[in-house]
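Below: one structure, written as structure tokens.
The values are calculated or read from the model by the stated rules, or taken from the named source; none is laboratory data. Owing to the predicted nature of the structure, the values given are computational and were not obtained by experimental measurement. Heads up, the Cβs are rebuilt from the backbone with ideal geometry, glycines too, and the neighbour counts pull from every protein chain shown. Heads up: the accessible areas ignore ligands, DNA and RNA and are worked out on the full protein's heavy atoms, side chains in. Shrake-Rupley method; radii C 1.70, N 1.55, O 1.52, S 1.80 Å.
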Amino acid sequence: QFWAQNADGSVLCNWCMRPLGSKFFFEPARRASKGEAIAQHSLFCSGDCLAHYLQRTSRLSMRRQLEHDELGVCQQCGLDCAALLNAIQVLDKPARVRALRRAVPAFATK
């Protein structure tokens, strides 16, 4: 079971822990209360709660947010990772490795 319930058996939002009561989430909540399988994303009271949850638990979501915030430029060394990715993705694997080692010598030691 990957959902929380309060004392009266109401299914709670996975993020804010408020009972799921809106008509959009009523059916999944009812099914979950009966022990039926449902999609995990149905266990949120709003799109905001789902977004907050994913921002903190989904690696893909975290990477997308980081890309959006930093525009693909490393804040530590200034490397434009987005441009590097665009340049190397068309190369075959050996050429990609060589290009990465030239662009980021520290990668060669790892």
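Filter segment 57-87 down to the residues that are open to solvent by 70 Å² or more (accessible area, probe 1.4 Å) and in contact with a helix residue (DSSP H, G or I) (Cβ under 8 Å, 6 or more places away or on another chain), then identify the one that is modelled with the highest pLDDT.
Once the filter is applied, the top-ranked residue is L71.
Determine if segment 15-28 includes at least one residue that is open to solvent by 80 Å² or more (accessible area, probe 1.4 Å), at pLDDT 80 or above and on the phi < 0 side of the Ramachandran plot.
Among the residues of segment 15-28, at least one is open to solvent by 80 Å² or more (accessible area, probe 1.4 Å), at pLDDT 80 or above and on the phi < 0 side of the Ramachandran plot, which makes the answer yes.
Could you check P94 against (1) modelled with pLDDT of 85 or more; (2) open to solvent by 80 Å² or more (accessible area, probe 1.4 Å) and say which number it fails?
If we test P94 against (1) modelled with pLDDT of 85 or more; (2) open to solvent by 80 Å² or more (accessible area, probe 1.4 Å), just (2) comes out false.
If you scan segment 61-110, which residues turn out to be under 30 Å from A51 (Cβ atoms) and charged (D, E, K, R)? Lay out the reasoning, then the answer.
Step one: list which residues in segment 61-110 are under 30 Å from A51 (Cβ atoms), which gives 61-86, 89.
Matches in segment 61-110: R63, R64, E67, D69, E70, D80.
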